[in-house]
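Derivation of every value follows stated rules applied to the coordinates shown; laboratory data play no part. The structure presented is a predicted model; accordingly, all values stated were derived computationally and were not measured. Note that we place each Cβ from the backbone using ideal geometry, even for glycine, and neighbour counts take in every protein chain shown.
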Amino acid sequence: MSSERLLAAIADEVRSCTRCPLAARRTLAVPGEGNPLSDVLLVGEGPGAREDASGRPFVGRAGRLLEELLAGIGWAREDVFIANVVKCRPPGNRDPEPDEIAACAAYLERQEAALEPLVIVTLGRFSLRRYLPRARIGAVHGQVQRTADRFILPMYHPAAGLRDPSVERILRTDFQKLPQVLLDARRATAAAMKMPITDHELRVGFTPAP
Ligand code: URA
Ligand code: SF4
């Protein structure tokens, strides 16, 4: 099945999911959305009020900042895929509970398997913890972390940038690194597969040119 159809099938399941207590108080579940062919997956924490009302990720104030950060590197939200650690809004925007994160994890795992992103950008600590349980955001933000099969680029959460101008500045600086990280990831992947790849080919993909 194509990544588009796989992602659509996962989204349908999420919309009717009742696997954890967050289902009871949500308006709409927020499966995630974006370009099903993108090399880049952005992972946030969970829906807020605007997301819960619309069923779409990052459409509130944090979302506006996220779009601005992407625009700063010449990208739009349609160029990447955006998902969250939990798909339903924690009441009052409280932190998601461990049992809720665990119940929802399989959806994000399946989204990763369908999209096969070369780079995963984590937004905030719950997302970072999923991929790098021991990492501290203050120490690793903006620095690519290589795991067995992935390039992880940890970022502060855009909502933290809204609360603190110094964090917003760090976010802008860190986002500037994303195109080069994508380029490095493409080069490394091609090398691992022993595929000769030209500089031109490196820059052509479903995500805008690095
Ligand atoms: N914050 C998140 O972590 N995710 C969203 O989708 C919106 C705000
Ligand atoms: Fe299902 Fe995840 Fe929503 Fe819980 S948060 S009800 S596991 S989709």
What ranking, highest mean first, results for peptides 71-79, 47-55 when packing means the other Cβ atoms within 10 Å averaged over each residue? 47-55, 71-79
Roughly what angle does helix 61-71 make with the longest principal axis of the chain, taking Cα atoms, 0 to 90 degrees, to the nearest 10? 10
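Calculate how many DSSP beta bridges within the chain are antiparallel, expressed in % of all such bridges and rounded to the nearest 5. Spell out each step's value before the answer.
On the way: 4 of 17 bridges.
Here the share of antiparallel DSSP bridges comes out near 25 percent.
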Under the Karplus curve 6.51 cos²θ - 1.76 cosθ + 1.60, θ = phi - 60°, whole-Hz ³J(HN,Hα) for region 106-114, x wherever Gly or Pro sits: 4, 5, 5, 4, 5, 5, 4, 5, 6
If you line up the long axis of helix 178-192 against the longest principal axis of the chain, both from Cα atoms, how many degrees apart are they, to the nearest 10? 60
Given the chain reduced to its alpha-carbon atoms as identical point scatterers, what log10 I(q)/I(0) does the Debye formula return at q = 0.18 Å⁻¹? -1.35
Under Karplus coefficients 6.51, -1.76 and 1.60, residue-wise ³J(HN,Hα) of region 45-53 in Hz, glycine/proline x: 8, x, x, x, 5, 5, 5, 4, 6
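For region 130-176, what class follows from the C-alpha gyration tensor (a ≥ b ≥ c being the square roots of its eigenvalues): rounded when a/c is under 1.5, otherwise prolate if a/b is larger than b/c, else oblate?
Prolate shape, in that a/c is at least 1.5 and a/b is the bigger ratio.
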Stretched out fully, how many nm does the piece from Ala9 to Thr198 gain, at 0.36 nm a residue minus the Cα gap? 64.5 nm
Whole-Hz ³J(HN,Hα) from phi, Karplus 6.51 cos²θ - 1.76 cosθ + 1.60, for region 81-87, glycine and proline x: 10, 10, 9, 10, 5, 10, 8
Ratio of alpha-carbon Rg to the 2.2 N^0.38 Å globular estimate for region 161-210, to two decimals, please. 1.53
Listed residues Val119, Gly138, Pro196: farthest to the positive end of the dipole of the chain (Cβ charges): Gly138
If I fit a long axis through the Cα atoms of helix 3-15 and take the longest principal axis of the Cα atoms of the chain, what angle between them do I get, 0 to 90°, rounded to 10? 20
Gain in span if fully extended, Arg129 to Arg146, counting 0.36 nm per residue against the direct Cα distance: 4.7 nm
Residues with amide H under 5 Å from that of Glu45, placed H, sequence gap 5 or more: Val85
